[in-house]
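Chemist: Quick one: structure below, then a few questions.
The values are calculated or read from the model by the stated rules, or taken from the named source; none is laboratory data. Since the structure is predicted, the reported quantities are computational estimates derived from the model, not experimental observations. We place every Cβ from the backbone using ideal geometry, glycine too, and count neighbours over all the protein chains shown.
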């Protein structure tokens, strides 16, 4: 069977040589058609993009945004020497006005300048801005300060308890300006059945970045030593991620090309040896990104590794083709014969390497996280594009491109071959010690892996001096945090929120929530209709503090809320729906590791169920719920992907090698580097997060490539010679150089992430690169030791040994 497949590859090589320009033209047309889709490719770094659109947590969150708008606030932090100072307040007013004037898609800007001040005069309810009457004297300023300090809604919301920090809260539209039809002048007056509302698109990443950039531009003009400004909030985080992603993709793409180009030049010392693999790799990246755009996918945070990954993978297959092609060419074969023999020798293992790499990546398809699941589709497709270009375009280009005259192998290449052969001889001669040492290393790695912890804290991905991280940690310490948990409370009936009993229970829930603490999780601030109603009731009772309470009469509750609605303020819309059936209860929490969110939410939900009772429905949502769900999905998804990767790759190895025992043994050199990477993480205290959890499946798919080439050629030469030692030596003499080089290319493609500005990418890059290096060393030493112990020490006839000895020397 294997012989027939190899003969088929040889026939394919001869056909490509005769129809080279057809193959080149078809390849160019296919890649070009996909490249036309690239201008429509978008970037999405929002927190909710980690969840699928039909995920129940995402559905509840989207429904919340449809009712109450965008929950994500841009939080601008200012730290003056003194908040209640006339000079500072003048600067704050100018800053506030510029934000209102220059920030696009703005819904509201809230600061001390326009904070709601509710008070009563006689029988009148007055709702005005705190600084509506601008203070001119120290006495007037003292009155403003007294009003601010007496309003519990301001504290930990607009200023801290030390009065050394104040915030400006910026709320923007939840919906995108794209795909919106113009307003219909006759809307609402048609007869008959109303048309179903068209689905609306939420704010895009580009629009979010435009908003945040506008805030940055205004902040930069106003920033001063006495008016220091920081910008926080999840929209700012998404913007930082997007800018980092675009910068990293461009930088690491260029670095990958440079490093790979240098390695190719060292290996081949031919122009075609550099240009051809790079061309195949770049075209595979272009085709994959075009495919993503055609499917309507966006580039999300985990997918930024895709271009560099595909560059390295694309080069790997081309190198195996080129190494054997030049060996055949320099041994006297003509160009057509060299192409045919090369594909007959390496076509099947290159195909199987791509299949196992794609299989490892395809295990992500079942992930509960949207970007990981999309990576599980697009990355295998990219590997497929790379395979097709390697087996179609690369041989066709070799058939038509000019080649330098044949010459003998360079000294460096010969030395590399001899070193690889000696390593194989050493491993074969000391098979038992090599296996025992490997087992000891795996045991030690297992002890380290047992110490691993899970984590999902995007804040710690940023450098310690990053402005977003600094501002978020400042808000954690001084203002109770910048993460929000939203609770939607449904009374089940129109005007149900006029019931004092329900309002009392919401207030009880507020008090209970304020006392909850799990690890670093605590409620820094809560806001609901109860707070507004207490404020109204106090204002209508001569502003006396003892009336800061919920009215216990339903008609009075309805009347006071109606008075507030008629005051001209629209703040009630942010707390309840128009029918007073559903209420929004917002809890502000610290931005910490998402591993702490699910336990806290479980505790809170249990208390809410106990206090609100079964007659009232409630749903928990908000960014905190999104991140908590993301963390849970990470663990489930990655555990599933590891199992699926093994179920896909192990049968492939057994089928390729054609021997069950050897196929199973061949997996040990591939599992060892993964276990070592996990052990290193455990001993170093590095967490398992959405990025590091991908290492296992990615590395398994990549690491098995060298094993495939080793085992495939080992079986070939073992069948030919009947001698284990000779088969190992011949394998490393022919394929070893390509194994070494592809490992260097793959590892370099990941090591360059050491230059990333986000810690999660740095860890992912060097750990994956480390895994690939260890995988090569395992194939260089452990694989020969294992086949020696499994196959015994068969010997070939003396003439065969002598002939091979002459070839190596």
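Chemist: Would you check which residues across region 603-617 are farther than 17 Å from residue 512 by Cα, modelled with pLDDT of 85 or more and either touching a helix residue (DSSP H, G or I) at 6+ places or on another chain (Cβ under 6 Å) or surrounded by fewer than 19 Cβ atoms within 10 Å (Cβ to Cβ) (or both) and list them?
Modeler: Within region 603-617, just 617 meets the criteria.
Chemist: Still on this model: Among the listed residues 48, 72, which satisfies the condition of being buried (at least 19 other Cβ atoms within 10 Å of the Cβ), in a helix (DSSP H, G or I) and touching a helix residue (DSSP H, G or I) at 6+ places or on another chain (Cβ under 9 Å)?
Modeler: Of 48, 72, the one residue that is buried (at least 19 other Cβ atoms within 10 Å of the Cβ), in a helix (DSSP H, G or I) and touching a helix residue (DSSP H, G or I) at 6+ places or on another chain (Cβ under 9 Å) is 48.
Chemist: Any residue at all in region 466-473 that's part of a helix (DSSP H, G or I), over 30 Å from residue 514 (Cα atoms) and modelled with pLDDT of 90 or more?
Modeler: So far as region 466-473 goes, no, none of its residues is part of a helix (DSSP H, G or I), over 30 Å from residue 514 (Cα atoms) and modelled with pLDDT of 90 or more.
Chemist: Just checking, which of 231, 259 is surrounded by 15 or more Cβ atoms within 10 Å (Cβ to Cβ), farther than 24 Å from residue 45 by Cα, touching a residue at least 60 places away in the same chain (Cβ under 8 Å) and more than 18 Å from the chain's Cα centre (by Cα)?
Modeler: 259 is the lone residue from the list that is surrounded by 15 or more Cβ atoms within 10 Å (Cβ to Cβ), farther than 24 Å from residue 45 by Cα, touching a residue at least 60 places away in the same chain (Cβ under 8 Å) and more than 18 Å from the chain's Cα centre (by Cα).
Chemist: Which one of 454, 462, 468 is buried (at least 19 other Cβ atoms within 10 Å of the Cβ) and either closer than 25 Å to residue 582 by Cβ or touching a strand residue (DSSP E or B) at 6+ places or on another chain (Cβ under 8 Å) (or both)?
Modeler: The match here is 468.
Chemist: Please find, within region 556-572, the residue that is nearest to the chain's Cα centre (by Cα) out of those that are assigned to a helix (DSSP H, G or I) and free of Cβ contacts under 8 Å to residues at least 24 places away in the same chain.
Modeler: Applying the filter and picking the extreme gives 565.
Chemist: Would you be able to say whether some residue in region 392-412 is modelled with pLDDT of 90 or more and either within 30 Å of residue 692 (Cβ to Cβ) or assigned to a loop (DSSP other than H, G, I, E, B) (or both)?
Modeler: no
Chemist: Given the structure, is residue 346 under 27 Å from the mean Cα position of the chain (by Cα), within 24 Å of residue 749 (Cα to Cα) and either surrounded by fewer than 19 Cβ atoms within 10 Å (Cβ to Cβ) or at pLDDT 80 or above (or both)?
Modeler: Answer is no for this residue.
Chemist: Whether any residue in region 218-226 is surrounded by fewer than 21 Cβ atoms within 10 Å (Cβ to Cβ), under 28 Å from the mean Cα position of the chain (by Cα) and either part of a helix (DSSP H, G or I) or touching a residue at least 40 places away in the same chain (Cβ under 8 Å) (or both) is what I want to check.
Modeler: No, that holds for no residue.
Chemist: Which ones in region 1-31 are farther than 16 Å from residue 337 by Cβ, at pLDDT 90 or above and in a helix (DSSP H, G or I)?
Modeler: 8, 21, 22, 23, 24, 25, 26, 27, 28, 29, 30, 31
Chemist: To continue, here is another question. Look through 680, 648, 654, 620 and report the one residue that is in contact with a strand residue (DSSP E or B) (Cβ under 8 Å, 6 or more places away or on another chain) and either buried (at least 18 other Cβ atoms within 10 Å of the Cβ) or farther than 20 Å from residue 513 by Cα (or both).
Modeler: After ruling out the rest, the residue left standing is 620.
Chemist: Related question: Given the criteria within 30 Å of residue 546 (Cβ to Cβ), out of contact with any helix residue (DSSP H, G or I) (no Cβ under 6 Å at 6 or more places or on another chain) and modelled with pLDDT under 90, does residue 150 qualify?
Modeler: In short, yes.
Chemist: Of all residues being free of Cβ contacts under 8 Å to residues at least 24 places away in the same chain and assigned to a helix (DSSP H, G or I) in region 589-634, which is nearest to the chain's Cα centre (by Cα)? Just the residue, please.
Modeler: Filtering region 589-634 for residues that are free of Cβ contacts under 8 Å to residues at least 24 places away in the same chain and assigned to a helix (DSSP H, G or I), the one nearest to the chain's Cα centre (by Cα) comes out as 602.
Chemist: Which ones in region 80-103 are in contact (Cβ under 8 Å) with a residue 12 or more places away in the chain and in contact with a strand residue (DSSP E or B) (Cβ under 8 Å, 6 or more places away or on another chain)?
Modeler: Result: 80, 83, 88, 91, 92, 95, 96, 99, 103.
Chemist: Determine if region 731-751 includes at least one residue that is part of a helix (DSSP H, G or I), more than 30 Å from residue 343 (Cβ to Cβ), in contact with a helix residue (DSSP H, G or I) (Cβ under 9 Å, 6 or more places away or on another chain) and at pLDDT 85 or above.
Modeler: yes
Chemist: Taking region 18-42, which residues are surrounded by 13 or more Cβ atoms within 10 Å (Cβ to Cβ) and within 20 Å of residue 300 (Cα to Cα)?
Modeler: 34, 35, 37, 38, 41, 42, listed by residue number.
Chemist: Considering every residue within region 490-503, establish whether at least one is closer than 30 Å to residue 556 by Cβ, over 22 Å from the mean Cα position of the chain (by Cα) and free of Cβ contacts under 8 Å to residues at least 24 places away in the same chain.
Modeler: For region 490-503, residues closer than 30 Å to residue 556 by Cβ, over 22 Å from the mean Cα position of the chain (by Cα) and free of Cβ contacts under 8 Å to residues at least 24 places away in the same chain: present.
Chemist: Within region 725-746, count every residue that is surrounded by fewer than 24 Cβ atoms within 10 Å (Cβ to Cβ) and over 23 Å from residue 330 (Cβ atoms).
Modeler: Looking only at that region, the number is 1.
Chemist: Looking only at region 683-698, decide whether some residue is at pLDDT 80 or above and part of a helix (DSSP H, G or I).
Modeler: yes
Chemist: Can you pull out the residues in region 532-549 that are surrounded by fewer than 17 Cβ atoms within 10 Å (Cβ to Cβ) and touching a residue at least 24 places away in the same chain (Cβ under 8 Å)?
Modeler: The answer is 541, 542, 543, 545.
Chemist: Can you tell me how many residues in region 362-390 are under 24 Å from residue 5 (Cβ atoms) and either at pLDDT below 85 or not in a helix (DSSP H, G or I) (or both)?
Modeler: The qualifying residues number 1.
Chemist: Six or more apart or on different chains, Cβ atoms under 8 Å: show the pairs whose first residue is in region 139-163 and in contact (Cβ under 8 Å) with a residue 12 or more places away in the chain and whose second is surrounded by fewer than 13 Cβ atoms within 10 Å (Cβ to Cβ) and in a helix (DSSP H, G or I).
Modeler: Final answer for the pair search is 150/545.
Chemist: Within region 649-659, is there a residue that is closer than 28 Å to residue 300 by Cβ, modelled with pLDDT under 80 and in a helix (DSSP H, G or I)?
Modeler: Yes - at least one qualifying residue is present in region 649-659.
Chemist: So residue 303 passes all but one of these: (1) closer than 30 Å to residue 90 by Cα; (2) part of a helix (DSSP H, G or I). Which condition number does it fail?
Modeler: (1)
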